[in-house]
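First the structure, in the form of structure tokens, and then the observations on it.
The values are calculated or read from the model by the stated rules, or taken from the named source; none is laboratory data. Here the structure is a predicted model, which means the values were calculated and not measured. With ideal geometry, Cβ positions are generated from the backbone for all residues, glycine too; neighbour counts draw on all protein chains shown. Side chains included, ligands, DNA and RNA excluded: accessible areas come from the protein's heavy atoms. Shrake-Rupley method; radii C 1.70, N 1.55, O 1.52, S 1.80 Å.
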Amino acid sequence: MTVRFAANELKELISEAAQGEKYPLAKLISELERPDSFEFRKVLFKELESSGFNGDRSVTIGFTGTPGAGKSSLLGEISTNFLQTAPDKKMAVVAIDPSSHVSGGSLLGDRTRLSLPVREKRIFFRSQPSQLELGGLNPYTYHVIRLLRCFFDLIFVETVGIGQNEIEVSKLADLSFLVMVPLGGDQIQFMKSGIMEVPDAFILNKCDEENLARASYHTLSTTLEFLRDIVPGGSIPPIFLTSVKTKKGIRELLDFILAQKPAKHRKSELLLQLAKWVKSEFGNFGLSVLKEMNLSEKQTFEDWELFVLKEIQKKFK
Ligand SMILES: Nc1nc2c(ncn2[C@@H]2O[C@H](COP(=O)(O)OP(=O)(O)O)[C@@H](O)[C@H]2O)c(=O)[nH]1
Ligand SMILES: [Mg+2]
């Protein structure tokens, strides 16, 4: 692995990215997405840390659901609202969705096209090819999110899929939403896959009509009471009724998101991601070695990665 940037060049890219410049940030992300990014990551995250960018105040929000539920359209509406209502904040969207294409200043949904001012420094879009056919996290998503956390207050991650994929994204998110359409087959499918247990909150999008909205809310809240074994009269997770068409509920949804505090302990997230990496590289053998390790004093993900690699190599000898 060659180090692709001189130290001062890296410092400059970081400072430009921090000011909202899109090209330098895209360049840093592209480097992170290379399979051999280890040395770069090590240098980058050390540099960020020492420059005071630790991402502690950033909130990561997962938007998952079946294709066509309106995730991209919703994120477009949210972006527009965000620019008006949160003048002192910055947000990023990472779409890990084969059908969400992001180019220039526009977020392209399935058939929707949202154009935002290209020079708007408070918003950043990025699409990542999905590893699996139907959504799922790319192996580099975690590192990209770590980087974005240093510069943005809110990071939205859009993923597609039913089942395991929602669980994957919820591990990186401080707040995870399941986006559904009213009275669709989604609920039954989600119930079967056990996914209703995972999200922190629900969005029923395409509630273009009041009656439909009311009926769907009732069905979903009853289902949740039943599935989550909520005592009668007990509280169910938040459900948002939205329509991109009529703009219903978008502002409430954004207010809820803006009120969210970064909740998750980043350390346990790091350990989860480390285990995921070890499992993909070394399988169950790797995991069994990992379990025996004392990892307490390591700092960055890269420190841990190196340490784990050495330990596993020792076992192979
Ligand atoms: N009627 C209606 N259509 C919507 C709404 N939200 C999205 N759509 C449409 O649903 C389709 C899929 O939207 P998209 O955002 O690409 O869904 P995604 O696959 O979940 O990202 C597009 O044709 C949108 O215009 C809504 O609230 N009401
Ligand atoms: Mg989409």
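Summary table
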{"read-out": "Test set (1) outside any strand (DSSP E or B); (2) at pLDDT 90 or above; (3) over 13 Å from the mean Cα position of the chain (by Cα) - VAL179 fails condition number", "value": "(1)"}
{"read-out": "Hey, ILE203 modelled with pLDDT under 95 and of a type in the set (A, V, I, L, M) or not", "value": "no"}
{"read-out": "Out of GLU16, GLU49, sole residue that is open to solvent by 30 Å² or more (accessible area, probe 1.4 Å), free of Cβ contacts under 8 Å to residues at least 12 places away in the same chain and not assigned by TED's automatic domain parsing to the domain that holds ARG126", "value": "GLU16"}
{"read-out": "Test: residue in the stretch 249-269 that is over 28 Å from PHE63 (Cβ atoms) and loosely packed, with under 15 Cβ neighbours inside 10 Å", "value": "no"}
{"read-out": "The lone exception for ILE78 - which of (1) within 16 Å of ligand 2 (Cβ to nearest atom); (2) open to solvent by 60 Å² or more (accessible area, probe 1.4 Å); (3) closer than 18 Å to LYS247 by Cβ it fails", "value": "(2)"}
{"read-out": "Test result for LYS291, away from ligand 2 (no atom under 16 Å from the Cβ), charged (D, E, K, R) and open to solvent by 80 Å² or more (accessible area, probe 1.4 Å)", "value": "yes"}
{"read-out": "Residue under evaluation ILE239, criteria (1) in contact (Cβ under 8 Å) with a residue 60 or more places away in the chain; (2) in contact with a Ser or Thr (Cβ under 7 Å, 6 or more places away or on another chain), criterion not met", "value": "(1)"}
{"read-out": "Single condition PRO98 does not satisfy, out of (1) at pLDDT below 90; (2) not assigned by TED's automatic domain parsing to the domain that holds PHE125", "value": "(2)"}
{"read-out": "Among (1) without any contact (Cβ under 8 Å) to a residue 60 or more places away in the chain; (2) open to solvent by less than 30 Å² (accessible area, probe 1.4 Å), the one test that ILE29 misses", "value": "(1)"}
